[in-house]
Amino acid sequence: MRLAVVAHTIGLILRLFGILLVAPLVVDLYYGNHEQAVSFAIAGVCAAIVGELARRLHRGERELSRVEGLAVVAFSWLVVSFFAAIPYLLKGTKQAPFVVRSDMSFVDGAFESMSGLTTTGATIFKDFSLYSEGLFFWRSMTQWLGGMGVIALFIAILPALAIAGRQLFFAEAPGPDEERLTPRIRGTALRLWGLYVALTGVEITMLWWFEMPLFDAFCNAFTTMSAGGFSPNSESIAGYGNHAAEWVLIGFIFIAGANYLLWYQLFRGKSLSLAVFKFRIPDPRPLLRDEEFRVYVVVVLAASLLLGGFLHQFSQAPSQAYLEGAPGDAVLNQANIETIARQSIFQVLTIVTTAGFATDDFNLWNDSSKMVLLVLMFLGGCAGSAAGGPKLIRLWLVAKFTYVELFKVLHPHGVRPVCLGKRVVSTDVMQSIMAFFLMYLVIFSSSVVVLVGFGVYEDAKIDMMTGITASIATLGNIGPGFGKVGPMETYAEFNSFSKWVLFVNMWVGRLEVMAVLIFLQPGVWRGAHWRRFAYQTEEVA
């Protein structure tokens, strides 16, 4: 592996990342927060300088091998997260160009920035009044950039990465099958980002139309399309008390959890004419033909019905002011139906897609309702979406594989392959999926043991529920959990050791585990060198 080539590519990414810090700087200047704006200027300059120095480490052939592409993806998340943390740690004063914030440690800043870039949504912010509009815009913007993959964005606009585009793109968005829209990966990334930006713009407009403040509409739209969950409101979406906006968010969270390739095909494909209404609509057949999308819809509907039933049966819908004064055995009137439907659909979607928003403190719901949400935390959204987690396609293929194995027990001489649609899933793919789940469970279990055994929360040992849900909420890039990390709580009171454990969880989970674990193999580093001039592309077994 040519380390100079890896550093060169990360330098290009970091240099452009420094330019992006201009956006929150402008926001803070607009709102008159000049002290906080200084931190964005410092972070941008530092990122640009270090990026330029790293870029100069290599000259010559820049085509990446597969391992080098994975290295760029894995380590760019780490490098970028540390530079993205600078605005959380510094602010300017009248007495000095900048000072270190007393309410934020280095691990806090790194945790918050990694949570943003990995679209996890776990926060260490407690008192939201201490932070400027630019800082809230920045944390939402990091999730928006991370939603489709920081690397995919830079491939789309950096010609220097065009040759290595395929390796980087598929390392950033791995899945059981690699499906491209265009022959050139740069064109694919541009089209997907065009759709991503367009959907974000539509959501901002709709949220603003339904009376959400414009600044909040921007921040919440950024974190909806990225399935992130950061909000400038300390009570998440529940703090707005805006039911119409919640229905808008339901629609866009659903979109964010599905495969973006399908939405592109839907909007750019054929349309159907409705003679009765004399207008045309997009042809939904690409969606309906996709097996994973059908599973996604069934899971959301079934879980919403189950959760809604539990919420009504145990009179737990919602614990705040939505059904004020509704008795436990109240008649299920129209208002109750709408509220229960909205609460159940919203929370099911926000957990399945790993968006992590909350329209109520579901930490206070009954055990049956919380069990539904806990199970959903282990699913994830669709492959090719902005969602985190294991992904539904993997779970669906494991279920099919299990059925085939049971079939073979009853019919030893029978032949029944695992199929996805009309395609036969190869043995190699199934083996990689099984390896993924094995390592996912190992990392999750290890994280729980470490947190419960050695972690501290508010000078006390971490309880089992908090340890379990904090681990899966960070590894699955969900954000909120139960216990001490409920939707109205923060991760601020964990000790530094626990925060670093969860930091690694977010990083490993976002890169789908294997892209990080591969670098623990000694063979990957054998022959690694820093030679500046290297024109021979290395072959990697």
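The values are calculated or read from the model by the stated rules, or taken from the named source; none is laboratory data. As the structure is a computational prediction, the values presented were derived from the model and not from experiment. Because the Cβ atoms are built from the backbone with ideal geometry, glycine has one as well, and the counts that use them run over all protein chains shown.
R416 meets each of the listed conditions (1) without any contact (Cβ under 8 Å) to a residue 24 or more places away in the chain; (2) in a helix (DSSP H, G or I); (3) not hydroxyl-bearing (S, T, Y) apart from (2). Tell me the residue from A74, A37, A41 that is at pLDDT 80 or above, among the small types (G, A, S), assigned to a helix (DSSP H, G or I) and over 20 Å from S132 (Cα atoms), please. Criteria check complete, one pass: A74. Taken together, F111, F170, F125 contain a single residue that is at pLDDT 55 or above, out of contact with any helix residue (DSSP H, G or I) (no Cβ under 6 Å at 6 or more places or on another chain) and aromatic (F, W, Y), which is F125.
In the condition set (1) closer than 30 Å to W144 by Cα; (2) over 22 Å from the mean Cα position of the chain (by Cα); (3) modelled with pLDDT under 90; (4) surrounded by 12 or more Cβ atoms within 10 Å (Cβ to Cβ), E292 is compliant with all but (2). Being more than 22 Å from N477 (Cα to Cα), in contact with a helix residue (DSSP H, G or I) (Cβ under 6 Å, 6 or more places away or on another chain) and of a type in the set (K, R) narrows it down to one residue among R416, R423, R394; which is it? Unique residue meeting the criteria: R416.
Just checking, does region 379-389 include any residue being among the hydroxyl-bearing types (S, T, Y) and in contact (Cβ under 8 Å) with a residue 40 or more places away in the chain? Write out each step before concluding.
Our first condition is that a residue be among the hydroxyl-bearing types (S, T, Y); within region 379-389, this holds for 385.
Narrowing further to those that are in contact (Cβ under 8 Å) with a residue 40 or more places away in the chain: 385.
There is at least one residue in region 379-389 that is among the hydroxyl-bearing types (S, T, Y) and in contact (Cβ under 8 Å) with a residue 40 or more places away in the chain.
Based on what the data block shows, is L392 of a type in the set (A, V, I, L, M) and surrounded by fewer than 18 Cβ atoms within 10 Å (Cβ to Cβ)? No; evaluated as a whole, the condition is false for this residue.
If I ask for residues that are in contact (Cβ under 8 Å) with a residue 24 or more places away in the chain, surrounded by fewer than 24 Cβ atoms within 10 Å (Cβ to Cβ) and part of a helix (DSSP H, G or I), which ones from region 347-371 would you list? The answer is N363, L364, S368, K370. Scanning region 25-34 for residues that are touching a helix residue (DSSP H, G or I) at 6+ places or on another chain (Cβ under 6 Å), farther than 13 Å from L90 by Cβ and in a helix (DSSP H, G or I) turns up V27, L29. Among the candidates A341, A326, A335, A302, the residue that is in a helix (DSSP H, G or I), at pLDDT below 60 and of a type in the set (A, V, I, L, M, F, W, C) is uniquely A335. Of the helices (runs of 4 or more DSSP H) lying entirely inside region 456-530, those containing at least 3 residues that are over 20 Å from D361 (Cα atoms), β-branched (V, I, T) and out of contact with any Phe, Trp or Tyr (no Cβ under 8 Å at 6 or more places or on another chain) are 496-510. Scanning region 19-32 for residues that are surrounded by fewer than 21 Cβ atoms within 10 Å (Cβ to Cβ) and either touching a Lys or Arg at 6+ places or on another chain (Cβ under 9 Å) or over 18 Å from S81 (Cβ atoms) (or both) yields V22, V26, L29, Y30, Y31, G32. Restricting attention to region 423-451, the residues that are buried (at least 18 other Cβ atoms within 10 Å of the Cβ), modelled with pLDDT of 90 or more and aliphatic (A, V, I, L, M) total 3. Among all positions in region 463-475, there is at least one residue which is surrounded by fewer than 20 Cβ atoms within 10 Å (Cβ to Cβ), touching a Gly at 6+ places or on another chain (Cβ under 8 Å) and free of Cβ contacts under 8 Å to residues at least 60 places away in the same chain.
Quick grid of which residues meet (1) at pLDDT below 90; (2) within 30 Å of N495 (Cβ to Cβ); (3) assigned to a helix (DSSP H, G or I); (4) of a type in the set (D, E):
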{"residue": "L135", "(1), (2), (3), (4)": "no, yes, yes, no"}
{"residue": "S140", "(1), (2), (3), (4)": "no, yes, yes, no"}
{"residue": "G146", "(1), (2), (3), (4)": "yes, yes, yes, no"}
{"residue": "A160", "(1), (2), (3), (4)": "yes, no, yes, no"}
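Within region 36-56, residues that are among the basic types (K, R) sit with their Cβ atoms under 7 Å from residues that are assigned to a helix (DSSP H, G or I), at 6+ positions apart or across chains, in these pairs: R55/H8; R55/G11; R55/L12; R55/R15.
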